[in-house]
Amino acid sequence: MTIKAPLEEETMPLSDHLVELRSRLIWVIGAMIIGMLVSFVFVEEIYGFLIKPLAQSMTQNDTNRLIYTGLTEAFFTYLKVAFFAGLFLTFPILLIQIWMFVAPGLYKNEKKVFFPFLVATPALFFLGGACVYYLVLPMAWPFFLSFQSDAQSTILPIQLEARVSEYLDLIMTLIFAFGLCFELPVLLTLLGRAGLVTAGWLASKRKFALIIAFIVAAFLTPPDVISQFLLAVPILALYELSILLIRLSSSDGGTQEASK
């Protein structure tokens, strides 16, 4: 009697895989569309949430408003907010569909390896977005508002008249940038599991990681030292966490090999 391997029992022709992939993509796109429609219903509340850090940084001497200079600018800005919120909220659904598509082709031990990464990916992404909103913005906006002046200092007053579309574009860019940077442990640990990097090699490159972290922070954050520091420090902490995770996974792998 021939015993089939687990993967051979569930072998599917290529056409069936393509059909399944199409159906899962439809689920993902449908969920994103629904998320965007729901977000558009509450777009003013979402906009108010995103604008709150700037509003709290303004004083009575500031303009305390955002402007739009085109008739359609505010409308399309609301569409961008709904699109952004819909993607942000349905990101876990995308990961779940990817997992459901890939999981049947994995062995049980492989599922145990990859499932924690599936959980950690959205958690770290949301943590990066929260870092922007609750730490970076409350410190960055007062810095930019400090460049305003009255007529006594500069003959003509300098006041912020921020466009609503530019503000929302900046906010969304920062949130996605921080979210992607916080995926560093997932990326490096996967590379470690694949044998492409080792904990010792990463540890030996700490000085380069330090430089790269501050360079990345300089490009992704507003041009003030506090914002750059607030991004660079978490990146370095996540880099050290990646080294620890790779060492743990390597020791687990060695223990499993010894027990065979």
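Values quoted throughout were computed directly from the atomic coordinates according to the rules given, and no laboratory measurement underlies them. A quick note: this is a predicted structure, and the numbers were derived from the prediction, not measured. When we count neighbours, we look across all protein chains shown, and the Cβ atoms used for this are built from the backbone with ideal geometry, even at glycine.
About its Cα centre, the dipole of the chain is roughly 700 debye, where the only charges are +1 on Lys and Arg Cβ and -1 on Asp and Glu Cβ. Taking the Cα atoms only, what angle lies between the long axis of helix 225-259 and the longest principal axis of the chain, rounded to 10 degrees? The helix 225-259 is inclined about 10 degrees to the chain. The slack in the chain from Met58 to Ile215, taken as 0.36 nm per residue of separation less the alpha-carbon distance, amounts to 53.6 nm. Considering only alpha-carbon pairs that sit under 8 angstrom and 6 or more positions apart, the relative contact order computed for the chain is 21 percent.
Got a sec? Which residues in region 100-143 would a label at Leu244 touch, if it sits 7 Å along Cα→Cβ and we count backbone N under 11 Å? Counting backbone N atoms under 11 Å from the label point, the list is empty. With the charge dipole of the chain set up from +1 on Lys and Arg Cβ and -1 on Asp and Glu Cβ about the Cα centre, the Cα lying farthest toward the positive end among the listed residues Met139, Val164, Phe49 is that of Met139. With helices as the sole contributors, the chain gives -25500 deg cm²/dmol at 222 nm; each DSSP H run of n ≥ 4 counts as -39500 (n - 2.57), and the sum is divided by every residue. Per-residue Cβ neighbour counts within 10 Å put Tyr68, Tyr133 in the sequence Tyr68, Tyr133, beginning with the fewest. Going by alpha carbons, how many degrees (0 to 90, nearest 10) lie between the helix axis of 184-193 and the longest principal axis of the chain? Relative to the chain, helix 184-193 is tipped by roughly 20 degrees. Looking at region 120-203, the GluC sites (Glu not before Pro) that sit in a DSSP loop and have at most 11 other Cβ atoms within 10 Å of their own Cβ are Glu161.
When only the Cβ of Lys, Arg, Asp and Glu is charged (+1, +1, -1, -1), the dipole of region 142-247 relative to its Cα centre reaches about 720 debye. Relative to the Cα centre, the charge distribution of region 60-206, modelled as +1 at Lys and Arg Cβ and -1 at Asp and Glu Cβ, gives a dipole magnitude of about 860 debye. To the nearest 0.05, how large is the calculated FRET efficiency for Lys111 and Leu21 if R₀ is 22 Å and r is the Cβ-Cβ distance? Computed FRET efficiency for Lys111 and Leu21: 0.70. Take the Cα coordinates of the chain, assign each an equal point scatterer, and use the Debye formula without solvent to give log10 I(q)/I(0) at q = 0.07 Å⁻¹. Cα-only, vacuum Debye calculation for the chain: -0.37.
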